1. Along the Cα→Cβ direction, 7 angstrom out, place labels at residue 134 and residue 22. What is the inter-label distance in nm?
2. Would you work out the Kirkwood radius for the range 19-130? I mean one over the mean of 1/r across all pairs of different Cα atoms, in Å.
3. When a footprinting reagent is the concern and you count Cβ atoms within 10 Å, what order do 94, 74 take, fewest first?
4. Could you put 142, 134 in order, starting from the residue whose Cβ has the fewest other Cβ atoms within 10 Å?
5. Run the helix sum for the chain: -39,500 (n - 2.57) per DSSP H stretch of 4+ residues, divided by residue count, reported at 222 nm to the nearest 500 deg cm²/dmol.
6. Restricting to bridges with both residues inside the chain, how much of the DSSP beta-bridge set is antiparallel, in percent to the nearest 5?
7. To check my understanding: the extent here is largest minus smallest coordinate of the Cα atoms along each principal axis. What are those three numbers for the chain, in Å, largest first?
Ligand SMILES: C[S@@+](CC[C@H](N)C(=O)[O-])C[C@H]1O[C@@H](n2cnc3c(N)ncnc32)[C@H](O)[C@@H]1O
């Protein structure tokens, strides 16, 4: 169940139907820097969209599952996997992030730019950790501070996590988590602008 602040699966289907690529084809820079050196294993990309990150892992030999509630995004992901000869390593799971049951036990769970209210994000994080007894959970989000001080991203404060919210969640769960604000350059017609992201890394 999504709150009214969240965009519905129908909203996302419409958005994905309107453009060939809504997001870049390249993986996120923090994902590449932090995770590509991990030993190859099984990963779940929660809210993976068109699959830019999952496909990059499959390209490295990982078995990947894209958990998405947009059927249109998953069709694009499947087509891209096929075109790249990666279908054997790629699976799709049409589910809500908060309650999805993964097809396998991953050693890595990624959540990139899932823009939902924090109570829903907490459920998503809890659901992921309950299915990954050992491994790495990595999240990258538009930071709350981005709304006033950074470029782009959602303009609704409710779907922008703060450092404090993530720290509080990790403390309540007894997790050793690294939570950092990160700066990302965005090229625009008016020049290079700076977006403020938030990364979360839990290894256990
Ligand atoms: C900003 S996009 C990010 C896509 C991808 N992670 C990336 O970085 O390219 C957010 C994605 O979250 C998905 N999404 C939003 N709410 C969701 C939910 N409750 N369950 C599953 N997917 C959700 C949307 O369909 C969309 O693909």
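Just so you know, all these numbers are worked out from the coordinates, no wet-lab data involved. What you are looking at is a predicted structure, and each value in this text was computed from that prediction instead of being measured. When we count neighbours, we look across all protein chains shown, and the Cβ atoms used for this are built from the backbone with ideal geometry, even at glycine.
1. Rounded to a tenth, the inter-label distance reads 3.7 nm.
2. Result for the range 19-130 stands at 13.9 Å.
3. Least to most surrounded, the residues fall as 94, 74.
4. 134, 142
5. It lands at -9000 deg cm²/dmol.
6. 50
7. Dimensions of the chain along the principal axes of its Cα atoms: 43, 43, 34 Å.
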